[in-house]
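Below is one structure, written out as structure tokens; the observations come after it.
The values are calculated or read from the model by the stated rules, or taken from the named source; none is laboratory data. Everything numeric in this text was worked out from a predicted model, so none of it was measured. Here the Cβ positions follow ideal geometry from the backbone for every residue, glycine too, while neighbour counts run over all protein chains shown.
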Amino acid sequence: MRKLLLPLALMVTVATAGEQFAMSDADRAMYTEMLENNPADIFVEEGGELLEETLGGEEALAKFLGVSEKELPKYIAGFPRYIKKMGNVVGIDQVLQAMQTEQGKERYKLKNAKMFSMLAYVKSLANEEQFTINIKADEHIKASYDLGEKTFKTARGGRGLSCLSCHSADIIGMVLRTQPLPDLGKVGAGATWPAYRMTKSSLRTLQRRFQGCMKNALLKVIPIGSKEMVGLEVYISTLAQKEKQPIAIPGLKR
Amino acid sequence: MNRSMKQFTLVSLAIVSATVTIFATDLTKAYDMPDASKLIEKDLLAEATKFTMPKSCKLDDLEAIKRGSFFFHNLNGKKVKGDAPKGVVKFTEKKTKDGKVKKVAKQYGNCVACHNIEGAKGAGNIGPDLTGYKAMFVDTKVRDAQFVYQKIADPRVDNKETHMTVNLTTKLFNESEICDLTAYVMSVKK
């Protein structure tokens, strides 16, 4: 209960102080430098080339999605979304797979690094846009959001934890083994992945990040692209949307 | 349009639509959407469960306290440098589907991730500080061994909304290991 009494302003200070705590001075210097020069830029660029060379670039993507190239950024900012001809609420990566299949190209696995790069590139087309997810748009996106929220709140695994155990409003800013618990909305988690993860020295996607938390907290890791994962992405992205966090890909994470 | 022209158009239309049908991919199967519901189903947490501390719990046993301390401060067998205390394993063996034997790290409590306590390194503050627990809570009769045992075994029984881990209902630990943790939390530390 004492947690609820902490004024919000104080919690924010605690979070910032904690952040410094979790990083050494050397790490922080590196972080500052990487902010200027994100190592993941090169993966995003690679993703752009792959899209251009193997699938026909933005033009082909816009055509597949049934929008004009000009409308593309705002439309991308609405993912995950229901794509009628695909029959599901899907992520950008799944759209890219469907394009690959339609064009008779090799279908990358969802966890393939090249897929991560392409996904990052396509999402970066929506940079500076805010999410345009409308969970009232149709029954499919509503169901996906609900499943995401349910998955977020379901306790399971070796320690009986749920995502909510560590990411609920009343414990944001507290410290779990030197790591301050982030406010997933305020840090714009949905808007800043794919990101370069310094501790993993690689480009990671949002769903891959979810898997990291599952593994650490002993929740059985569920596969990328499953309905539950897509739902989690919808749910987490709407948290960033509520906080008006603009899309900024690639992100840079500790 | 003259007749032959009309026929030509019709024929080519037929050809075009035939090509379209042949090459139109069924996009509902053109991407991966693996099932996760069964994985989650098997991984669900059982109902909050009441436990009674077994009579066999030896709260003053120094060996038990040592094991409890080890469980409290460590995450799993793979992360431990050096030896585990007597009677504690770092790895267990598990048979995989294809009959091979796999070494899996034994998971410990990692309580220090959320609780400060005497000698803690990098403790978190999600849970209350357990420093001086005996003097402050046990000697003053605010808490007893049964309370501590239940809290560690399944904290949901007295706090539905708890952020704490569930340690016995999940079978992460067995009864005797929960005794060890209880003994450690309640012990006088230097």
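When each of A:GLY212, A:GLY190 is tested for being part of a helix (DSSP H, G or I), more than 14 Å from chain B (Cβ to nearest Cβ) and either surrounded by fewer than 17 Cβ atoms within 10 Å (Cβ to Cβ) or modelled with pLDDT under 95 (or both), the lone residue that passes is A:GLY212.
Just to be sure before I move on: is B:VAL142 assigned to a loop (DSSP other than H, G, I, E, B) and free of Cβ contacts under 8 Å to residues at least 60 places away in the same chain in the structure I sent? Considered against the rule, which asks whether it is assigned to a loop (DSSP other than H, G, I, E, B) and free of Cβ contacts under 8 Å to residues at least 60 places away in the same chain, B:VAL142 comes out as yes.
Based on what the data block shows, is A:LEU252 part of a strand (DSSP E or B) and crowded, with 24+ Cβ neighbours inside 10 Å? Considered against the rule, which asks whether it is part of a strand (DSSP E or B) and crowded, with 24+ Cβ neighbours inside 10 Å, A:LEU252 comes out as no. Put simply, of A:GLY148, A:GLY158, A:GLY185 the only residue that is modelled with pLDDT of 95 or more and in contact with a strand residue (DSSP E or B) (Cβ under 8 Å, 6 or more places away or on another chain) is A:GLY158.
The residue pairs whose first member lies in region A:67-87 and is away from chain B (no Cβ under 14 Å), whose second member is assigned to a helix (DSSP H, G or I) and of a type in the set (D, E, K, R), and whose beta carbons are closer than 8 Å, counting only pairs six or more residues apart or on different chains, are A:GLU69/A:GLU58; A:GLU69/A:GLU59; A:LEU72/A:GLU58; A:ILE76/A:LYS123.
Conditions (1) assigned to a loop (DSSP other than H, G, I, E, B); (2) of a type in the set (Gly, Ala, Ser), marked per residue:
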| position | (1), (2) |
| --- | --- |
| B:LYS94 | no, no |
| B:ASN116 | yes, no |
| B:ALA123 | yes, yes |
| B:PRO128 | yes, no |
| B:MET136 | no, no |
| B:LEU181 | no, no |
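If you filter region B:32-69 down to residues that are of a type in the set (Val, Ile, Thr) and over 30 Å from A:ALA98 (Cβ atoms), you find that the one that is farthest from the other protein chains (Cβ to nearest Cβ) is B:ILE65. What number of residues within region A:174-186 are in contact (Cβ under 8 Å) with a residue 12 or more places away in the chain and either β-branched (Val, Ile, Thr) or at the interface with chain B (Cβ under 10 Å from one of its Cβ atoms) (or both)? Of the residues in region A:174-186, 6 are in contact (Cβ under 8 Å) with a residue 12 or more places away in the chain and either β-branched (Val, Ile, Thr) or at the interface with chain B (Cβ under 10 Å from one of its Cβ atoms) (or both).
Every condition in (1) under 26 Å from A:ARG156 (Cα atoms); (2) more than 14 Å from every other protein chain (Cβ to nearest Cβ); (3) aromatic (Phe, Trp, Tyr) is met by B:PHE72 except one, and the failing one is (2). Of all residues in region B:105-134, those satisfying the criterion of being away from every other protein chain (no Cβ under 11 Å) and free of Cβ contacts under 8 Å to residues at least 24 places away in the same chain are B:ASP129, B:THR131, B:GLY132. If you filter region A:193-208 down to residues that are surrounded by fewer than 19 Cβ atoms within 10 Å (Cβ to Cβ) and not in a strand (DSSP E or B), you find that the one that is nearest to the other protein chains (Cβ to nearest Cβ) is A:THR199.
Can we say A:GLY104 is farther than 17 Å from A:VAL230 by Cβ, crowded, with 23+ Cβ neighbours inside 10 Å and within 14 Å of chain B (Cβ to nearest Cβ)? No. Scan region B:102-130 for residues that are among the charged types (D, E, K, R) and either under 15 Å from A:PRO180 (Cα atoms) or over 14 Å from the mean Cα position of the chain (by Cα) (or both) and jot them down. Result: B:LYS102, B:LYS103, B:GLU118, B:LYS121, B:ASP129. Return yes or no: is B:LYS55 within 18 Å of the chain's Cα centre (by Cα), among the charged types (D, E, K, R) and modelled with pLDDT of 90 or more? So B:LYS55 fails the test. Do we have A:GLU69 as outside any loop (DSSP other than H, G, I, E, B), over 20 Å from A:GLY251 (Cβ atoms) and not β-branched (Val, Ile, Thr) here? It is false that A:GLU69 is outside any loop (DSSP other than H, G, I, E, B), over 20 Å from A:GLY251 (Cβ atoms) and not β-branched (Val, Ile, Thr). Across region A:134-172, the qualifying residues are those that are part of a loop (DSSP other than H, G, I, E, B) and surrounded by 22 or more Cβ atoms within 10 Å (Cβ to Cβ), and the one among them that is farthest from the other protein chains (Cβ to nearest Cβ) is A:ILE172.
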